[in-house]
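**Q** Below is a structure I'd like to ask you about.
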Amino acid sequence: MEQNTVKKEPLGKGFFVNVSKNHTFGTDAILLSNFASASKKDKMVDLGTGCGIIPLLMLRDGLLRSATGVDISDEATALAAQTAKELKLDKFSVICADLNDLKEKIDFGCHTLITCNPPYKALGAGIMSSGARDKAARHETECTLEDIIRVSSKLLQTSGRLCMCHRPERLAELLDLMREYKLEPKRLRLVCQRVGEEPWLVLVDAKKCAGAGLRIAPTLYIEQDGELSKEMIEIYGSYKEAYL
């Protein structure tokens, strides 16, 4: 990766994330980081971490005991590792690996929080992206939804949580797979661009080996009266303030 392709995206509170044309982040990652409701005691793993935005947002806010980002792309993990080094984040480590090949690379059965902003399209669904990096980010070419949930269950300790975002069209599949791997869906939230529109994103929080009982949170609206909603401004928080 050439150095001039890297840009520092300010996150507020003195934090930033190194991004490139191939590895950046969107609103869904910011929403997932907020929805996960991490604590200062969480030992978390971010699967498909990309530039590391989700753990970085949490660490910016003084959360997490430790964070490990996992991604199959050496370019992405190099960006995340560069950010961790420049910010002197000893709590954040990065692993370049296939999530289906994590044995002896990361401890199993001991993490309290897993996050994942996965590829949204199953193989054979929709128009395939042309570039290899776009294919891996948008389509399940490197891992499937089942792979993510199976591995997450292995990484988590009992009562540990998996928090994911996905497209509403795959919600039934997502919930079925979570329960198959002993991850009980406990909290769900739909995200709409504005009132009157169908949701474009669903956020799900599942707990390992928990009893049944799903809470549906109020719908999150990104916009209200043509502007960012009050709640969305609060979620953006110091990230948005960094640009003011």
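**Q** Using Cα pairs closer than 8 Å and at least 6 residues apart in sequence, work out the relative contact order for the chain, in percent.
**A** Numbers: 477 pairs, mean separation 41.5, N = 244.
17 percent.
**Q** Same structure again: Given 5 Å bins starting at zero, what is the percent of C-alpha pairs of region 2-123 in each, up to the one with the largest pair distance?
**A** For region 2-123, the binned pair fractions read 2, 11, 24, 26, 22, 11, 4, 1, 0 percent.
**Q** From the backbone phi of region 234-239, what are the Karplus-calculated ³J(HN,Hα) couplings (6.51 cos²θ - 1.76 cosθ + 1.60, θ = phi - 60°) in whole Hz, Gly and Pro given as x?
**A** 5, 5, 4, x, 5, 5
**Q** Let me ask you something else. So, by mean Cβ neighbours within 10 angstrom, what's the order for 161-170, 102-111 with the highest one leading? Kindly include the intermediate steps, with their values, before the conclusion.
**A** Details: 161-170: 20.5, 102-111: 13.8.
Listed from highest to lowest mean packing, they are 161-170, 102-111.
**Q** If you don't mind, another one. For the chain, modelled as a GNM with alpha-carbon contacts under 10 angstrom, which of 67, 206, 172 fluctuates the most?
**A** 172
**Q** Seen from all sides and averaged, what is the projected area of the convex hull of the Cα atoms in the chain, in nm²?
**A** Details: hull surface 53.7 nm².
Taking the Cα atoms of the chain, their convex hull projects to 13.4 nm² on average.
**Q** Another one. What does the highest-first list of 33-41, 72-80, 85-93, 20-28 look like by mean Cβ count within 10 Å? Could you put the intermediate results ahead of the total?
**A** Values: 33-41: 18.7, 72-80: 20.9, 85-93: 14.6, 20-28: 16.2.
Final packing ranking: 72-80, 33-41, 20-28, 85-93.
**Q** Once you keep just the Cα pairs under 8 angstrom separated by 6 or more residues, what percentage relative contact order results for region 1-124? Intermediate results must be reported in sequence, preceding the final value.
**A** Numbers: 204 pairs, mean separation 32.8, N = 124.
Computed value for region 1-124: 26 percent relative contact order.
**Q** How large a share of the accessible area of region 1-41, in percent, is made up of carbon and sulfur atoms when the probe is 1.4 Å and the other protein chains stay in place? Don't skip to the end; give the middle numbers.
**A** Values: 1110 of 2270 Å².
Ligands and nucleic acids excluded, carbon and sulfur give 49 percent.
**Q** What number, rounded to the nearest 500 deg cm²/dmol, is the helix-based mean residue ellipticity at 222 nm of the chain, given -39500 (n - 2.57) per DSSP H run of at least four residues and division by all its residues?
**A** It comes out at -8500 deg cm²/dmol, rounded to the nearest 500.
**Q** Taking the Cα centre of the chain as origin, work out the dipole magnitude from +1 charges on Lys and Arg Cβ and -1 charges on Asp and Glu Cβ, in debye rounded to 20. Each step should come with its number before you reach the end.
**A** On the way: 34 positive and 34 negative charges, 160 e Å.
Here the chain has a charge dipole of around 760 debye.
The values are calculated or read from the model by the stated rules, or taken from the named source; none is laboratory data. Remember, it's a predicted structure, so these values are computed and weren't measured experimentally. Positions of Cβ are backbone-derived with ideal geometry, glycine not excepted, and every protein chain shown enters the neighbour counts. To get the accessible areas, we keep the full protein, side chains included, count just its heavy atoms, and leave off ligands, DNA and RNA. Shrake-Rupley method; radii C 1.70, N 1.55, O 1.52, S 1.80 Å.
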